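Peer 1: One structure is given below, represented as structure tokens, and several questions about it will come after.
What follows is calculated from the coordinates using simple rules that are stated; it is not laboratory data. This is a predicted model, so every value here is computed, not measured. Please note: Cβ atoms are built from the backbone with ideal geometry, for glycine as well, and neighbour counts cover all protein chains shown.
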Amino acid sequence: MATDLIGTVDLPLVAQRPRDFKGKVDPDWCPGCGDFGVLNSLQRACVELGKQPHELLIVSGIGCSSNFPGFFNAYGMHTLHGRALAVATGAKLANHDLTVVVTGGDGDGYGIGGNHFVHTARRNVDLTYIVMNNQIYGLTTGQVSPTSSEGMRTKSTPFGSVEMPVNPITSAIMNGASFVARGYSGDPKHLADLMQQAIQHKGFALIDVFSPCVTFNHDNDYAFFRPRVTKLEDEGHDTHDWKAACEKAMVWGDTIYIGLFLQAPRPTLEEHEPVLSQDGPLARRPLGLSEAQSQRIIERMM
Ligand code: SF4
Ligand code: MG
């Protein structure tokens, strides 16, 4: 049984294999880019969770990794630079039955969109935010980003960056994110497992992913991460201990931790909205408007 879900190509109604989540467009990323591992991991996680394309919305900002929704068979929105979380919050409030995943890079999420990162975390909106952190601006051919290491030489910092990098993990914890994890695209099985947990978690879930830019960041490539990444679960880390989570998140040397740092469930923004707790998602409720009234509103907005 086949049906047309997204336009001109026949796709299976029931997605059972990672390739069923393959979009109509092939990724335009450089060969070896870490984002391929993230794409494969999310496809794998969706299969494991039994998700179907029509149950999933992927929202992105701008950047190499923000082309993600085009490569994935699901609803997708490619929005403005740094604004993906704001759009995703609106989508989630309009249809809280939808699984909403936000994808983007470190520049988009922690730089241009830094304020939305703070406020979406404290509001605990039920979103999964996957940041492909390559510690550089890749799409614009290699400038220093909010997560670039101190001293890193780039096109915009020829004598080395003098800025201290953002720590996404401690920032998310301090701002109230209720699920905070770090993955590595070189270990897609581990990353897919984190994604499954993040999607199942009720509340704002960050997965910061080391996703090497093989073209413009030669400091933080696979050879850098491979010997350093250490799984928190192998160290007996307590995921309810925020102090231990912060301490582990600040370790950056021969050891760099990946895995789930903190899970601290609390009510989500949607659960605080009484209007959402009755009669299902807003998107499916009658608006009480005539067709002419609806048409006038649409015309004013276009
Ligand atoms: Fe990936 Fe870097 Fe190429 Fe962009 S420039 S696709 S981040 S390797
Ligand atoms: Mg980047």
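Peer 1: Estimate the FRET efficiency between ASP234 and ARG266 by the formula 1/(1 + (r/R0)^6), using the beta-carbon distance for r and 25 Å for R0, to the nearest 0.05. Intermediate values should be presented prior to the final figure.
Peer 2: On the way: r = 28 Å, r/R0 = 1.11.
Rounded to the nearest 0.05, the efficiency is 0.35.
Peer 1: Distance from the Cα centre of region 121-185 to that of region 87-106, in angstrom?
Peer 2: Using only Cα atoms to place each centre, the spacing works out to 20 Å.
Peer 1: Sticking with this structure for a sec: Count charges around GLY63 for me, please; just the other residues with Cβ under 14 Å from its Cβ, Lys/Arg as +1, Asp/Glu as -1.
Peer 2: Values: positive: ARG83; negative: ASP28, ASP35, ASP106, ASP108.
Neighbourhood net charge equals -3.
Peer 1: Quick one: order THR170, THR255 by neighbouring beta-carbon count within 10 Å, fewest to most.
Peer 2: Working: THR170 18, THR255 12.
Going from least to most buried by this count: THR255, THR170.
Peer 1: Quick check on the exposure proxy: order SER149, SER41 from fewest to most C-beta atoms within 10 angstrom.
Peer 2: Numbers: SER149 16, SER41 26.
Arranged by neighbour count, lowest to highest, SER149, SER41 become SER149, SER41.
Peer 1: Could I ask something else about it? Using a basic spin-label model with each label point 7 Å from the Cα along Cα→Cβ, how many nm lie between VAL25 and ALA244?
Peer 2: Label-label distance for VAL25 and ALA244, simple model: 4.4 nm.
Peer 1: Specify whether the C-alpha gyration tensor of region 195-302 places it in the rounded, prolate or oblate class, a ≥ b ≥ c being the square roots of the eigenvalues: rounded for a/c under 1.5, otherwise prolate if a/b is larger than b/c and oblate if not.
Peer 2: oblate
Peer 1: Straight-line reach from LYS202: which lysines have Cα under 17 Å away, leaving out those fewer than 8 places along the same chain?
Peer 2: The reachable lysines, counting only those whose Cα sits under 17 Å from LYS202, are LYS51, LYS92.
Peer 1: Could you tell me which of rounded, prolate or oblate describes region 196-242, using a ≥ b ≥ c as the square roots of the eigenvalues of the alpha-carbon gyration tensor, with rounded for a/c under 1.5 and, failing that, prolate when a/b is larger than b/c and oblate otherwise? Numbers along the way, then the final one.
Peer 2: Details: a/c = 3.31, a/b = 1.62, b/c = 2.04.
The shape class here is oblate.
Peer 1: To continue, here is another question. Pick out which of ASP241, ASP193, ASP108 has the largest mean-square fluctuation in a Gaussian network model of the chain, springs linking Cα atoms closer than 10 Å.
Peer 2: ASP241
Peer 1: Across all directions of projection, what mean area in square nanometres is found for the Cα convex hull of the chain?
Peer 2: Details: hull surface 69.3 nm².
One quarter of the hull surface, i.e. the mean projection, equals 17.3 nm².
Peer 1: Follow-up question, since we're still on this one. When a footprinting reagent is the concern and you count Cβ atoms within 10 Å, what order do SER145, SER277, SER66 take, fewest first? Provide the component values of the computation, followed by the final result.
Peer 2: Working: SER145 29, SER277 11, SER66 26.
So the ranking, lowest neighbour count to highest, is SER277, SER66, SER145.
Peer 1: Right, something else. If you take the square roots of the eigenvalues of the alpha-carbon gyration tensor of region 149-217 and sort them as a ≥ b ≥ c, do you get rounded (a/c under 1.5), prolate (a/b over b/c) or oblate?
Peer 2: Values: a/c = 4.26, a/b = 1.66, b/c = 2.56.
Oblate.
Peer 1: Give the long-range amide H neighbours of LYS231: residues separated by 5 or more places, or on another chain, with amide H under 5 Å away, using H modelled in the peptide plane at 1.01 Å from N.
Peer 2: Hits under the 5 Å cutoff: ILE258.
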